[in-house]
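Reading through the structure tokens given below for one structure.
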Amino acid sequence: MTLTALDSQFTRTAAMDRIVAMANDKGGVGKTTIVTNTAGQIAAAGYKVLVVDLNRQANVSDDLGYRGRPGVDDQGEQLYEAIRRPDKNTLVAHEVRPNLWVVPGGRELAALTPLITMNMQQQGRAAYLGLAAALAPLAADYDLILIDSPPENIVLVDLALAAARWIIMPTRSDTGGLIGMKLTAERFRSAREINPSLGLLGVVLFATLSGARAIHAEVQADVSAAFGGQSPMLSSTIRYSERVARDARRAGKLAHELEIEAAAQPAFWEALRDGRKPGRHSAATASVSADFRALAAEVLDIIAVQEGARA
Ligand SMILES: Nc1ncnc2c1ncn2[C@@H]1O[C@H](COP(=O)(O)OP(=O)(O)O)[C@@H](O)[C@H]1O
Ligand SMILES: [Mg+2]
């Protein structure tokens with residue numbers, strides 16, 4: 001498709017205002033974990049949610065437990081084809097939990113970088129509208145679409161930012177995450193040339209000690225300096241727990257799903273009394289799950305307020 005063809009065929013619909021991209025150029029800042037857990041909790045609350053995995057490593061498939069599942073895990077093949085020819089290929093999403101749908105990522109997405117680089121020569125920045133065009137026909141079927149983007153890949157991040165209405169930037173308190181955030185803020189500015197509707201929903205602090213007020217205040221100051229004095233920090237933070245992170249990814253379950261299992265297991269003292277093995281789940285699962293629930297609610301609130309303001 002040429003530039004003019006893509007530009008004229010693709011019109012941003014109102015339904016695309018519910019597309020949110022998770023982005024930070026740095027890896028390990030919680031992008032994937034936040035996408036899967038907020039998507040999972042919003043879906044469990046009865047909304048229809050779609051997760052689009054733009055990662056070659058496809059960690060969404062680990063969090064949601066569908067890695068290697070026949071008929072679902074295509075390693076990003078149909079996502080690649082839909083971005084290559086959005087006029088020809090309609091994306092098919094897979095329901096992996098009630099109300100929670102995925103378009104899987106994986107190694108086939110490696111072919112996107114050379115494809116978009118080549119299209120750029122003819123189309124300029126409009127080449128990045130490929131994902132937006134691929135999602136346009138599906139957007140009205142969902143209440144929320146979350147795109148998980150990879151670290152250190154300008155092409156894939158730019159595809160996500162051209163499709164999204166909102167960007168959420170997770171960071172950890174270390175400087176690496178903050179530098180990644182600054183790099184992403186630069187991508188954000190150029191993305192607005194082809195997608196003027198893109199806005200920053202907020203920055204979320206990931207894997208932090210809950211109640212670490214001094215650190216939170218320092219990060220808030222760094223973030224607001226990076227964004228020219230504005231203060232885009234979300235008030236929700238996700239607390240640190242290696243135990244929950246390991247248990248969740250190993251089991252292919254989300255924090256709130258482990259929380260439900262934990263609530264059903266016998267109390268430690270009951271297990272001891274009855275000579276049974278104590279339950280496997282740490283009490284931290286409920287706290288981490290509550291953090292994701294609060295974040296999900298904050299995100300939905302911000303979107304609702306913005307939509308209300310325009311209505
Ligand atoms: N609450 C948590 N506390 C500490 N580490 C976590 C927590 N949740 C997830 N992790 C771990 O943090 C690492 C990075 O998370 P991930 O979501 O994969 O980041 P990204 O997608 O930005 O690379 C992973 O190894 C994950 O298991
Ligand atoms: Mg990731």
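The values are calculated or read from the model by the stated rules, or taken from the named source; none is laboratory data. This structure is a prediction, so every number in the text was calculated from the model and none was measured. Note: ideal-geometry Cβ built from the backbone for every residue, glycine included; neighbour counts use all protein chains shown. The accessibility values were calculated without ligands, DNA or RNA, using every heavy atom of the protein model including side chains. Shrake-Rupley method; radii C 1.70, N 1.55, O 1.52, S 1.80 Å.
When residues in the range 23-33 are screened for being near ligand 2 (Cβ under 10 Å from one of its atoms) and either farther than 16 Å from Ala286 by Cα or surrounded by fewer than 24 Cβ atoms within 10 Å (Cβ to Cβ) (or both), 7 of them pass. Return a yes/no flag: does the range 205-223 have any residue that is touching a Gly at 6+ places or on another chain (Cβ under 7 Å) and either touching a residue at least 24 places away in the same chain (Cβ under 8 Å) or surrounded by 11 or more Cβ atoms within 10 Å (Cβ to Cβ) (or both). Yes; the residues of the range 205-223 include at least one that is touching a Gly at 6+ places or on another chain (Cβ under 7 Å) and either touching a residue at least 24 places away in the same chain (Cβ under 8 Å) or surrounded by 11 or more Cβ atoms within 10 Å (Cβ to Cβ) (or both). When the residues of the range 43-61 are narrowed to those that are open to solvent by 10 Å² or more (accessible area, probe 1.4 Å) and more than 23 Å from Ile116 (Cβ to Cβ), which ends up farthest from ligand 1 (Cβ to nearest atom)? Here the residue is Gly46. Of all residues in the range 30-54, those that are under 13 Å from Trp101 (Cα atoms) and assigned to a strand (DSSP E or B) have Cβ atoms under 7 Å from Cβ atoms of residues that are more than 13 Å from ligand 1 (Cβ to nearest atom) and among the hydroxyl-bearing types (Ser, Thr, Tyr), 6 or more apart or on another chain, in Val49/Tyr142; Leu50/Tyr142.
Yes/no matrix, rows are residues, columns are (1) open to solvent by 40 Å² or more (accessible area, probe 1.4 Å); (2) closer than 23 Å to Lys48 by Cα; (3) in a strand (DSSP E or B):
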position: Gly71; (1), (2), (3): yes, yes, no
position: Ala82; (1), (2), (3): no, yes, no
position: Asn89; (1), (2), (3): yes, yes, no
position: Gly105; (1), (2), (3): no, yes, no
position: Thr113; (1), (2), (3): yes, no, no
position: Met118; (1), (2), (3): yes, no, no
position: Gln122; (1), (2), (3): yes, no, no
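All conditions but one from (1) at pLDDT below 90; (2) closer than 21 Å to Ser287 by Cβ; (3) hydroxyl-bearing (Ser, Thr, Tyr) apply to Ser190; the one that does not is (2).
Matching residues to (1) over 22 Å from Ala139 (Cβ atoms); (2) at pLDDT 95 or above; (3) out of contact with any strand residue (DSSP E or B) (no Cβ under 6 Å at 6 or more places or on another chain):
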position	(1), (2), (3)
Ala14	no, no, yes
Arg18	no, yes, no
Val35	no, yes, no
Gly46	no, yes, yes
Asp53	no, yes, no
Val60	no, yes, no
Asp74	no, yes, yes
